[in-house]
Amino acid sequence: MRIGIPRETKAGETRVAASPKTVGQLIKLGYTVAVEAGAGASAAFRDSDFAEAGAEVVAREAAWACEIVTKINPPSDDEITLMGRGATLISMMDAPRSPELLTKVAAGGLRVLAMDSVPRISRAQSLDVISSMANIGGYRAVIEAAGEFGSFFTGQVTAAGKVPPAKVFISGTGVAGLAAIGVANSLGAVVFATDIRPETAEQVESMGATFVAVQSADQQQSSDGYAKEASDDYAAAAARMYAAQCPEMDIIVTTAQIPGKPAPRLITEEMVASMKPGSVIVDMAASSGGNVAGSRPDEVVTTANGVKIIGYTDLPGRLPTQASQMFATNILNLMKLITPGKDGQMVVDLDDVVLRGMLVADGGEVTWPPPAVSVSAAPAAGAAGAPGAGAAGAAGATAPPAAKPEKKPLDRRLIYGGAALLAALFLVLFFFSPSSLLGHFMVFMLSVVIGFYVIGNVAHSLHTPLMSVTNAISGIILVGCLNGLELVNYTTRSLAEPANLVILILSIAGILLASINVFGGFTVTQRMLNMFRKGPK
């Protein structure tokens, strides 16, 4: 079968749905690839690059006449007419907001797989263009903000005076939000972030940012991996939080979008007016209504108080080479899934929840929306035999979580009694122990205190390599065990003494365990370092 890669015709689009690298891999799957002349010019992919990879460089009509056509944006009316009945189109479709387009492609007899309708399940992550493009968009959002911001991101002390670091606030900690956090943090800014899902706080803090929680009892759990509308209670609490944060921030990046619905309004005109002159807001949801009052798609709006609101809708396209490569890789992974025989023959198995979720039109009919796929760790349906777990439970309905029993505080008498007993045990231990034990114990306690404060100031993401390297401290145990062996006289008479036999056994066991700890720690560290090295590991 032939795969056509046409040039994108949407105004301002710089991406292309294939790269020379993925073209070569599509050919290995048994397909013939036809690329429209000039399709990759804006992404720095030359026609000669595609030709060297094995593709045919063809005219526009020839690319659209292929049995399979892959592209970035939804097709126009003219492009639909260029495809033959029974052909397969693979592209983004924005299905929830495009019912008329779905009717047109179905009427044209096309089979359409929407790349932006991939179910949010682990097995489908390699096909998820929303995540791929959001990653690039979040990165680029901070770069655009830095270009409009009139100062440094990182704090500096110069001969001309001290420059404080910029304060950056990220609203939403999905893929785009986490990418924005990473870039802002790497540029030296002080980063804050919030999300309707409180469980993301650990991710935010592991990246060096501060999580700002919304004080509301109504938190979100998604059953399909996509964001849902917030309740009135949460929205009111969030508004209070944003009102408090906006005057303090230099940069704000908003990422909140809900599939098929207008973007939620997070930043009001009053909040924008409270910000400092020269502050910058990047509204990544400008294309779907905007999270920020006053934002306009594809424009930079400067408010009366000097705040710039960036509403670019083409953030991934502002890094066209990388965006094209990632989008093309997502499509390649889809083609691997639907080409099980690697013989150039496409097989769309509708029993596969991934493919069924992506199929929006087939056989002259609109097949959107697909059957629901539960993908989250939300509370599961009631187990068989549990109260209320009848037909609804069998159908996969979600049962309300059981109320957690309230923990009663410990009786103060038990706390004081336990402390007194522990103190008495220590007194007895020190009374019958050598005088040197007290000194060693004091060193141990000081080490615990110092270690707590040292480790507590290390970023969470560095804890694993830090602990694996500190396993080398077990070398002290090795030295002690070797000294223990020297105390034992390896004679039958000496080993007959119980004390010497115990020392020998403990020394051998200590040497074995400490050696595993030392060499294992360095092995783990080496493997982690290899993850960040380019080239052969």
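The values are calculated or read from the model by the stated rules, or taken from the named source; none is laboratory data. For clarity, every value in this text was computed on a predicted model and none was experimentally measured. With ideal geometry, Cβ positions are generated from the backbone for all residues, glycine too; neighbour counts draw on all protein chains shown. The protein model used for the area step is the full one, side chains on, heavy atoms only, and it has no ligands, DNA or RNA in it. Shrake-Rupley method; radii C 1.70, N 1.55, O 1.52, S 1.80 Å.
Within region 355-377, residues that are modelled with pLDDT under 95 have Cβ atoms under 8 Å from residues that are of a type in the set (S, T, Y) and open to solvent by 40 Å² or more (accessible area, probe 1.4 Å) in these pairs: A372/S223; S374/S223; V375/S223; S376/S223, counting only partners at least 6 apart in sequence or on another chain.
Here R140 passes the criteria (1) of a type outside the set (A, V, I, L, M, F, W, C); (2) closer than 28 Å to I252 by Cα; (3) open to solvent by less than 40 Å² (accessible area, probe 1.4 Å) except the one numbered (3). Within region 190-209, one or more residues are open to solvent by 40 Å² or more (accessible area, probe 1.4 Å), free of Cβ contacts under 8 Å to residues at least 24 places away in the same chain and farther than 23 Å from T268 by Cβ.
Restricting attention to region 307-354, which residues are in a helix (DSSP H, G or I) and either without any contact (Cβ under 8 Å) to a residue 40 or more places away in the chain or among the basic types (K, R) (or both)?
So in region 307-354, the residues in a helix (DSSP H, G or I) come out as 316-318, 320-337, 353-354.
Within region 307-354, R318, K336 meet the criteria.
Note on region 28-60: residues that are open to solvent by less than 60 Å² (accessible area, probe 1.4 Å) and in a helix (DSSP H, G or I) total 6. For region 50-60, the condition holds for no residue, the condition being that it is in contact (Cβ under 8 Å) with a residue 12 or more places away in the chain and closer than 21 Å to M115 by Cα. I'd like to verify a number: residues in region 154-200 that are in contact with an Asp or Glu (Cβ under 7 Å, 6 or more places away or on another chain) and assigned to a loop (DSSP other than H, G, I, E, B), how many? The total comes to 3.
For region 61-76, filtered to residues that are hydrophobic (A, V, I, L, M, F, W, C) and not in a loop (DSSP other than H, G, I, E, B), the residue that is most open to solvent (accessible area, probe 1.4 Å) is A62.
Within region 245-254, identify whether any single residue is among the charged types (D, E, K, R), open to solvent by less than 30 Å² (accessible area, probe 1.4 Å) and in contact with a strand residue (DSSP E or B) (Cβ under 8 Å, 6 or more places away or on another chain), and answer yes or no. Yes, region 245-254 contains a residue that is among the charged types (D, E, K, R), open to solvent by less than 30 Å² (accessible area, probe 1.4 Å) and in contact with a strand residue (DSSP E or B) (Cβ under 8 Å, 6 or more places away or on another chain). For A18, the criteria (1) crowded, with 21+ Cβ neighbours inside 10 Å; (2) under 21 Å from V354 (Cα atoms); (3) out of contact with any Lys or Arg (no Cβ under 9 Å at 6 or more places or on another chain); (4) not aromatic (F, W, Y) hold in every case but one, which is (2). Among the residues of region 88-130, the one identified as basic (K, R) and in a loop (DSSP other than H, G, I, E, B) is R120. Listed by first and then second residue, the pairs linking a residue in region 478-499 that is surrounded by fewer than 10 Cβ atoms within 10 Å (Cβ to Cβ) to a residue that is among the hydroxyl-bearing types (S, T, Y) and modelled with pLDDT under 70, with Cβ atoms under 7 Å apart and 6 or more places separating them unless they lie on different chains, form an empty list.
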